[in-house]
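K.L.:
The structure that follows is given in the form of structure tokens.
The values are calculated or read from the model by the stated rules, or taken from the named source; none is laboratory data. Source: prediction; values computed, not measured. Reconstructed Cβ throughout: ideal geometry from the backbone, glycine too, with neighbour counts over all protein chains shown. Accessible surface is based on the protein model in full, side chains and every heavy atom, while ligands, DNA and RNA are left aside. Shrake-Rupley method; radii C 1.70, N 1.55, O 1.52, S 1.80 Å.
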Amino acid sequence: MRSIKILSLMLLLTLFAQATLENTTCKKCHPVIFQEYQNSMHAKASVFKDPVHKAVWDKHPAKQKNNYKCAKCHTPSDHALMEGKSKLSDNAIQKSEPISCQQCHKIQSIEKHAKANKNIMSTKEKYFFSANKARKGEKVVFKEEKSLFGLMTKTTGSPYHDIDYSNENFYNGDMCMGCHAHKQNGKGFVVCDLEVKQKNSKETCISCHMPKMKGSLANQKESSTHAFHGVSMHNGTPETLSRYVKLSLEKTANGFTVAIKNEATHTLFPQPLRLNQLRVEIERDGKTTTLPAHNFVRVIGTDGKPSMPWLATEVLKDTTIKAHEARKINFDMRLKKGDVVTVRFGYYIANPKAAKKLDIEQKSATEFTVLTKKRFKI
Ligand code: HEC
Ligand code: HEC
Ligand code: HEC
Ligand code: HEC
Ligand code: HEC
């Protein structure tokens, strides 16, 4: 038993010694979650990994002063930068863990502000919050229990950290809201707002964006599933997210109506950079007709003209689909029996017009991506 204790002490010491990057430690015991996280936007939120964020930063007036205010939400794990001890630079944290595991798991509460909310972090070392309905309220401290005169050792919890299952913000999704709720620019204008309406939805930020996936949550613990950590809109998740946007079609006297039912608890594609589109195609007698696309956008600007987010003072147009809304779009083309109507609902990460102004060229941002599609046989 003693040698095992010494061994585990040595293991912990080596883990500690290598912990230049915070996540390196977590990786040892949570390899599945660590792997998923690498593909999440939270692992790529810096200007060194997200070309879209970089493009906007490059044009931002604060760049001249190298005052990277975006760090608060985009790279809070770069502690030296956050504490004002260094300027934005191409380092390992920026590249691989701008929003580290601990950055989320130490969020104790959210302080509400008009400009942007603020994450209040726990200051306890190796003390992480998590959610587990069956264990709600528990605070698990790692311990070894000896039985059979010390021959058998039973352990509970994680051998590296304590776990607190009592933080309500990890059950209702509020722990996401320090960064995601809304943001004002220097002129006090709301550039972006998710406009969350939780209403009676049983789904939360966490249940929709971090659904249970196959694979164990930790090496030392056999669990059949774990919460998905590859949180992103672009890679992989459109399939998981698309089920919350329902498409339906109804014939009318003069044509037909496509309804888009948003089951998300927030506005769809609220970012001013996005362009959300509905595309409809009709196949009839072997010929395909494409109807004009419908746009859903929030255009912001100054003096009646679109402008960059830091200059904007007004909303010029807002046709985005709000939380729980069912939007109906009418088409005045009469359908015939045998027609096949294909409806695609998707998005451009960067509205092609904005992409041009910002010199964004990479395809993933400037090509139309389908979030959900459906075929209707008439
Ligand atoms: C030495 C192994 C080890 C290391 C290192 C480790 N963990 Fe864990 N962790 C575990 C084990 C084992 C559990 C499961 C404990 C249980 O369910 O009782 C766990 C559970 C968790 C949970 C809660 C899981 C739940 O049931 O909801 C979180 C959150 C967590 N770890 C985060 C982290 C983070 C963040 C790091 C890196 C800073 C980390 N862990 C490092 C072994 C480890
Ligand atoms: C209050 C927190 C917060 C601050 C401060 C912040 N952002 Fe963000 N930003 C976010 C969040 C959250 C997202 C993701 C939202 C989404 O995708 O809907 C985001 C997304 C973006 C995107 C879209 C990225 C993409 O891949 O599509 C750009 C561009 C961006 N931010 C630029 C900036 C710049 C430039 C700054 C600093 C001048 C900044 N942000 C400051 C929270 C913030
Ligand atoms: C019922 C499921 C559901 C819930 C609950 C939900 N979302 Fe979403 N979320 C979606 C869907 C579907 C999309 C894809 C459409 C889109 O990008 O707007 C999405 C997209 C997003 C995006 C990307 C938006 C963009 O255009 O960049 C962010 C950020 C996001 N959600 C954050 C949250 C947060 C934070 C919460 C909790 C307040 C939350 N979501 C709750 C379904 C959900
Ligand atoms: C964006 C915030 C965020 C980041 C970043 C994050 N987590 Fe989590 N994590 C959560 C939330 C929220 C839950 C609770 C999920 C639930 O209720 O099912 C969770 C759950 C977990 C669990 C328990 C899984 C389960 O199925 O119950 C472990 C273990 C964990 N995280 C480890 C990690 C590790 C390791 C990293 C870094 C590689 C990490 N987390 C990064 C927010 C985050
Ligand atoms: C520390 C701040 C922070 C926290 C906490 C946080 N996020 Fe994020 N999140 C961001 C930033 C910043 C981005 C944008 C990264 C980019 O595009 O450059 C982002 C991106 C996203 C995206 C992808 C949007 C896209 O363009 O693909 C989704 C979805 C998302 N977050 C959901 C969540 C959910 C759900 C939670 C809570 C479990 C959460 N986030 C917690 C800062 C945060």
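K.L.:
Just to verify a result, which residue in region 32-48, among those that are of a type outside the set (S, T, N, Q) and assigned to a helix (DSSP H, G or I), is least open to solvent (accessible area, probe 1.4 Å)?
P.N.:
Keep residues of region 32-48 that are of a type outside the set (S, T, N, Q), which gives 32-34, 36-37, 41-45, 47-48.
Okay, now just the ones that are also assigned to a helix (DSSP H, G or I), so 32-34, 36-37.
Details: Val32: 56, Ile33: 33, Phe34: 35, Glu36: 36, Tyr37: 17 Å².
Among residues in region 32-48 that are of a type outside the set (S, T, N, Q) and assigned to a helix (DSSP H, G or I), the one least open to solvent (accessible area, probe 1.4 Å) is Tyr37.
K.L.:
Give region 359-378 a look and list any residue that's more than 19 Å from Arg243 (Cα to Cα) and more than 24 Å from the chain's Cα centre (by Cα), or say none.
P.N.:
Passing the criteria: Asp359, Lys377, Ile378.
K.L.:
Is there a residue in region 179-187 that is buried (at least 19 other Cβ atoms within 10 Å of the Cβ), among the hydrophobic types (A, V, I, L, M, F, W, C), in contact (Cβ under 8 Å) with a residue 12 or more places away in the chain and assigned to a loop (DSSP other than H, G, I, E, B)?
P.N.:
Yes.
K.L.:
Which of the strands (runs of 3 or more DSSP E) contained wholly in region 299-378 include at least 3 residues that are open to solvent by 30 Å² or more (accessible area, probe 1.4 Å)? Working first, answer last.
P.N.:
On the way: elements: 314-318, 326-331, 340-348, 369-377.
Because the criterion is at least 3 residues that are open to solvent by 30 Å² or more (accessible area, probe 1.4 Å), the strands (runs of 3 or more DSSP E) in region 299-378 that meet it are 314-318, 326-331, 369-377.
K.L.:
Taking only region 89-110 into account, find how many residues are in contact (Cβ under 8 Å) with a residue 40 or more places away in the chain, open to solvent by 30 Å² or more (accessible area, probe 1.4 Å) and either basic (Lys, Arg) or more than 12 Å from ligand 1 (Cβ to nearest atom) (or both).
P.N.:
Looking only at that region, the number is 8.
K.L.:
Another question about this same structure. Check whether at least one residue in region 55-67 is open to solvent by less than 60 Å² (accessible area, probe 1.4 Å) and within 16 Å of ligand 3 (Cβ to nearest atom), and report yes or no.
P.N.:
yes
K.L.:
When Glu263 is evaluated against the numbered criteria (1) touching a strand residue (DSSP E or B) at 6+ places or on another chain (Cβ under 8 Å); (2) more than 17 Å from Phe345 (Cβ to Cβ); (3) open to solvent by 60 Å² or more (accessible area, probe 1.4 Å); (4) near ligand 3 (Cβ under 8 Å from one of its atoms), which criterion, by number, is the only one it fails?
P.N.:
Unmet for Glu263, out of (1) touching a strand residue (DSSP E or B) at 6+ places or on another chain (Cβ under 8 Å); (2) more than 17 Å from Phe345 (Cβ to Cβ); (3) open to solvent by 60 Å² or more (accessible area, probe 1.4 Å); (4) near ligand 3 (Cβ under 8 Å from one of its atoms): (2).
K.L.:
Output the number of the condition that Ser223 fails; it satisfies all remaining conditions of (1) in contact (Cβ under 8 Å) with a residue 24 or more places away in the chain; (2) of a type in the set (S, T, N, Q); (3) open to solvent by less than 40 Å² (accessible area, probe 1.4 Å).
P.N.:
(1)
K.L.:
Against the conditions (1) more than 16 Å from ligand 2 (Cβ to nearest atom); (2) more than 15 Å from the chain's Cα centre (by Cα); (3) modelled with pLDDT under 95, where does Pro272 fall short? Just the number, please.
P.N.:
(1)
K.L.:
Restricting to region 240-260, and then to whatever is more than 16 Å from Arg344 (Cβ to Cβ) and open to solvent by 40 Å² or more (accessible area, probe 1.4 Å), can you tell me which residue is nearest to ligand 4 (Cβ to nearest atom)? Quick ask: steps written out before the conclusion?
P.N.:
At the first step, the residues of region 240-260 found to be more than 16 Å from Arg344 (Cβ to Cβ) are 240, 244, 250-255, 257.
If we keep only those that are open to solvent by 40 Å² or more (accessible area, probe 1.4 Å) too, we end up with 250-254.
Details: Glu250: 37, Lys251: 42, Thr252: 43, Ala253: 48, Asn254: 47 Å.
The selected residue is Glu250.
K.L.:
Just to be sure I understand the filter: pairs with C-beta atoms under 6 Å, separated by 6 or more residues or on different chains, first member in region 282-311 and within 16 Å of ligand 2 (Cβ to nearest atom), second member among the small types (Gly, Ala, Ser) and part of a loop (DSSP other than H, G, I, E, B). Which pairs pass?
P.N.:
Between residues of region 282-311 that are within 16 Å of ligand 2 (Cβ to nearest atom) and residues that are among the small types (Gly, Ala, Ser) and part of a loop (DSSP other than H, G, I, E, B), the close pairs are Ile300/Ala312.
K.L.:
While we're here: Looking only at region 202-212, decide whether some residue is in contact (Cβ under 8 Å) with a residue 40 or more places away in the chain, more than 14 Å from ligand 3 (Cβ to nearest atom), assigned to a loop (DSSP other than H, G, I, E, B) and open to solvent by 40 Å² or more (accessible area, probe 1.4 Å). Steps first, please.
P.N.:
Going through region 202-212, the residues in contact (Cβ under 8 Å) with a residue 40 or more places away in the chain turn out to be 203-206, 208.
Those still in the list that are more than 14 Å from ligand 3 (Cβ to nearest atom) too: none.
No, there is no match, as no residue in region 202-212 is in contact (Cβ under 8 Å) with a residue 40 or more places away in the chain, more than 14 Å from ligand 3 (Cβ to nearest atom), assigned to a loop (DSSP other than H, G, I, E, B) and open to solvent by 40 Å² or more (accessible area, probe 1.4 Å).
K.L.:
Somewhere in region 221-229, is a residue charged (D, E, K, R) and over 30 Å from Lys353 (Cβ atoms)?
P.N.:
Restricting attention to region 221-229, the residues satisfying the condition of being charged (D, E, K, R) are 221-222.
From what is left, the residues that are over 30 Å from Lys353 (Cβ atoms) are 221-222.
Taking every residue of region 221-229 in turn, at least one turns out to be charged (D, E, K, R) and over 30 Å from Lys353 (Cβ atoms).
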